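Since the structure comes first, as structure tokens, the remarks are kept for the end.
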Amino acid sequence: MSVDNPVKGSAPGAVSTKGRLGVPAVTFMIIAASAPLTVLAGGVTTTFAVTGVTGVPLSFLILGAILALFAVGYAAMSRHVTNAGAFYAYVAQGISRPAGVGASLIALMAYNLMQVGIYGLFGFTVSSLLSARLGISMPWWLPVLVCIAIVGWLGVNRVDLSAKVLGVLVALEFLVVIVYDVISLAVAPEGISAATLSPESLFVPGIGAVLSFGIAAFMGFESAAIYGEESKDPQRTVARATFAAVGIIAVFYAVSAWAMTVGAGPSAVIETATTNGPDMIFAFLGDHGGVLLSDIAQVLFVTSLFAALVSFHNAVARYFFSLGRERVLPSALAKVRTESGAPFAGSLAQTVIAVVVTVAFAIAGAGSELGELYPVLTMFTWLTNSGAMGLVLLMTVVSVAVIGFFRRQQHGAGLWVRVIAPGLGFVLLAIVFVLIMANFNVLLGQTESTAATFVLPMLVLLPGLVGVMWGLRLRRSQPDVYARIGHGSEG
């Protein structure tokens, strides 16, 4: 495997690859990160069970509106800032370079937490499926290590190969969820009702937890800008893919969550979700669509997780690449494959992190009283919710960065794009962030706060503070490096 280092001397300007991705490819990449079937079978059922709130379908529409406001300024800024570091570059150019470094480390931690955490659910799901269908018993961490190897291989090869793989998987996920929706509306034991789409079904005690769970379903929509340097037309591709992803995700999940309440019955959906969990969908399909359809859905549940793993892996690799290229982190992280232009070093670094964390959880969970659910209740729940919190924080900060960026130079943007939309986005995202922090023990499945309730958020917040201090140090000790922070592809 041949690699090349684009960081030479004082003018690093190479990028991982150029001109391969169009709007459909980038949209597939970012929708794959939200993993449609995983959200419905895992996220939505868990939200019903944990919160006891039936207004989950409406929450997706509200969150979609909030993120659409955020996307107005974010997409507009993407036309002028093209950098694989995305959030990092936006904050650096819109607020300050030290703040940009802080954002970069929060982003690295958040994306790694999301990606590695999903491996916990993946391992549990695969090992359970093999045991139930083939009678093969294996520890959860074994399929995880195999999956890490496959995801790593895709990461160091052509990014459009990954896009094609994700495109097929996402298309199949959408198909099986649409089939589930149609069957649910046909069964409708209590009739077709729009009660769970009404405001009074959502604006009740517990709305904070619902929004906290729901925001994770959108995670990945913001990653369109990460692929800006690899897009055929960055000035149009990023904006179009971002709005397409927000619209598709919000409407599709709202309709599917509503169909779930109709299929189970609005009065019974909470109890059914609490009793069956993710199996709620598969059992329903088995009863009303046949065993074969249920088995296909379970296999696609696994591939849904795989699609999310690939998408988040790519995001992490590109953050490593961007920071290495600008020498904020070691320049070795900016190495790319000569044949494909893929961010080889960043991909390898993410793979190593995944292996180390998986092994650590495997050792810690040996003989755990949680039994088979250990990787779900710890690795998956702890890490993904912490990562989602970090990404909400980043979007809140980026909203301020958008205002700062256009304040320096308007670039022909109107008041709505420059100030009003990002300002509203900031306020609403800040509220969501506060709700996540206030409901963090609920997100971890705890009845009372423990050390983990406070330690896990610190895994996201502390790197941000360290990054700001590191940026300030670079300003004093390495002004040439400091000057390039957030401007990697421009210098």
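The values are calculated or read from the model by the stated rules, or taken from the named source; none is laboratory data. Please read all numbers here as calculations on a predicted model, not as lab measurements. No Cβ is skipped: glycine too gets one built from the backbone with ideal geometry, and neighbour counts run over all protein chains shown. We work out accessible area using only protein heavy atoms, side chains counted, and drop any ligands, DNA or RNA first. Shrake-Rupley method; radii C 1.70, N 1.55, O 1.52, S 1.80 Å.
Here are the numbers for this structure:
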quantity	calculated
Pairs, first assigned to a helix (DSSP H, G or I) in the range 408-428, second among the polar types (S, T, N, Q), C-beta under 8 Å, six or more apart	Arg418/Gln410; Pro422/Ser399; Gly423/Ser399; Gly425/Ser399; Phe426/Thr396; Phe426/Ser399
Among (1) touching a helix residue (DSSP H, G or I) at 6+ places or on another chain (Cβ under 8 Å); (2) open to solvent by 40 Å² or more (accessible area, probe 1.4 Å), the one test that Gly486 misses	(2)
Subset of the range 32-73 (residues that are among the hydroxyl-bearing types (Ser, Thr, Tyr), within 15 Å of Gly247 (Cα to Cα) and at pLDDT 85 or above)	Ser59
The range 348-372 residues that are under 22 Å from Gly155 (Cβ atoms), paired with ones that are open to solvent by 30 Å² or more (accessible area, probe 1.4 Å) and of a type in the set (Lys, Arg) (beta carbon under 8 Å, 6 or more apart)	none
Test: residue in the range 278-287 that is under 24 Å from the mean Cα position of the chain (by Cα) and surrounded by fewer than 18 Cβ atoms within 10 Å (Cβ to Cβ)	yes
Residue match in the range 206-224 (condition: at pLDDT 95 or above and either among the aromatic types (Phe, Trp, Tyr) or touching a Lys or Arg at 6+ places or on another chain (Cβ under 9 Å) (or both))	no
Candidates Leu108, Leu169, Leu154, filtered to the one that is within 21 Å of Phe282 (Cα to Cα) and in a helix (DSSP H, G or I)	Leu169
Sole exception among (1) under 21 Å from Met379 (Cα atoms); (2) surrounded by fewer than 24 Cβ atoms within 10 Å (Cβ to Cβ); (3) not β-branched (Val, Ile, Thr) for Leu69, by number	(1)
Residues satisfying the stated conditions in the range 315-344, i.e. of a type in the set (S, T, N, Q), open to solvent by 20 Å² or more (accessible area, probe 1.4 Å) and either in contact with a Ser or Thr (Cβ under 8 Å, 6 or more places away or on another chain) or at pLDDT below 80 (or both)	Thr338
Selection count, the range 248-277, where residues are open to solvent by less than 60 Å² (accessible area, probe 1.4 Å) and either modelled with pLDDT of 90 or more or not in a helix (DSSP H, G or I) (or both)	20
Index of the failed condition, Met469 passing every other in (1) open to solvent by less than 70 Å² (accessible area, probe 1.4 Å); (2) more than 27 Å from Gly117 (Cα to Cα)	(1)
Which listed residue is in a helix (DSSP H, G or I), closer than 22 Å to Thr384 by Cα and among the hydrophobic types (A, V, I, L, M, F, W, C), from Ala297, Ala317, Ala283	Ala317
So Leu129, is it open to solvent by 10 Å² or more (accessible area, probe 1.4 Å), over 29 Å from Val419 (Cβ atoms) and touching a Leu at 6+ places or on another chain (Cβ under 7 Å)	no
Qualifying residue in the range 382-399 (condition: open to solvent by less than 10 Å² (accessible area, probe 1.4 Å) and over 24 Å from Thr453 (Cβ atoms))	yes
Any hit, the range 443-457, residues being at pLDDT 85 or above, crowded, with 19+ Cβ neighbours inside 10 Å and in a helix (DSSP H, G or I)	yes
Given (1) open to solvent by 80 Å² or more (accessible area, probe 1.4 Å); (2) assigned to a helix (DSSP H, G or I); (3) farther than 25 Å from Gly42 by Cα, index of the condition Ile431 fails	(3)
All positions within the range 132-159 that are hydrophobic (A, V, I, L, M, F, W, C), in contact with a Lys or Arg (Cβ under 8 Å, 6 or more places away or on another chain) and open to solvent by 10 Å² or more (accessible area, probe 1.4 Å)	Val156
Condition check for Val402: in a helix (DSSP H, G or I), within 25 Å of the chain's Cα centre (by Cα) and within 30 Å of Phe213 (Cα to Cα)	yes
